[in-house]
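Since the structure comes first, as structure tokens, the remarks are kept for the end.
The values are calculated or read from the model by the stated rules, or taken from the named source; none is laboratory data. Just so you know, these numbers come straight off a predicted model, no measurement behind them. No Cβ is skipped: glycine too gets one built from the backbone with ideal geometry, and neighbour counts run over all protein chains shown. Heavy atoms of the whole protein, side chains included, go into the accessibility calculation; ligands, DNA and RNA do not. Shrake-Rupley method; radii C 1.70, N 1.55, O 1.52, S 1.80 Å.
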Amino acid sequence: GAAARVVAAMEAHAERDAGVAKQGCWAIMNLAWGSDDIRARLMDAGAAARVVAAMEAHAERDVKVAQSGCWAIRNLAWGSDDRCARLMDAGAAARVVAAMEAHA
């Protein structure tokens, strides 16, 4: 499905290409909005690691990656202590703080 394809595209390209990172985070942000089932599928597909990697590669220099990445993390985390813990384990909090330090 869409979740696996977006995550696969990010794995293949997002660390080298800020445009792919921004659009991939944006797609995850939107897919994760409103459906707990889709949020779970995104997490199972590796979305947390891909969003964190994209933010690590680009968010301090590119405000659009920072914004999309923070929104993706927010939407993935919504409503689940387990997903929050998995995002923390993936390094999401550090990436959000780094983005805020760079752009706030």
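Only helical DSSP H runs with n ≥ 4 go in: add -39500 (n - 2.57) per run for the chain, normalise by residue count and round the 222 nm mean residue ellipticity to 500 deg cm²/dmol.
Helix contribution divided over all residues of the chain: -25500 deg cm²/dmol.
At a temperature of 37 °C and a viscosity of 0.692 mPa s, determine how fast the chain diffuses translationally according to Stokes-Einstein, using the Kirkwood radius over alpha-carbon pairs as Rh; express D in µm²/s, rounded to the nearest whole number.
Calculated translational D: 256 µm²/s.
Return, ordered by residue number, the residues of region 1-37 whose backbone nitrogen is under 20 Å from a label point located 7 Å along Cα→Cβ of R74.
Within reach of a label on R74: 21-37.
So what are the ³J(HN,Hα) numbers for region 60-71, from phi and the Karplus equation (6.51, -1.76, 1.60; θ = phi - 60°), rounded to whole Hz, Gly and Pro as x?
6, 9, 10, 4, 5, 5, 4, 5, 5, x, 5, 5
Can you compute the charge dipole magnitude of the chain about its Cα centre, using +1 on each Lys and Arg Cβ and -1 on each Asp and Glu Cβ, nothing else charged? Give it in debye, rounded to the nearest 20.
240
Of the heavy-atom accessible surface of region 2-102 (probe 1.4 angstrom), what whole percent is carbon and sulfur?
54
Compare the peptides 57-64, 46-53, 31-38 by average per-residue count of other Cβ atoms within 10 angstrom and give them in order, highest first.
46-53, 57-64, 31-38
Quick check: from the Cα gyration tensor, does region 5-64 come out rounded (a/c under 1.5), prolate or oblate?
prolate
Using a basic spin-label model with each label point 7 Å from the Cα along Cα→Cβ, how many nm lie between D37 and C84?
Distance between the two pseudo-spin positions: 2.5 nm.
With the contact rule set at Cα under 8 Å and sequence spacing of 6 or more, what percent relative contact order holds for the chain?
Reported relative contact order: 29 percent.
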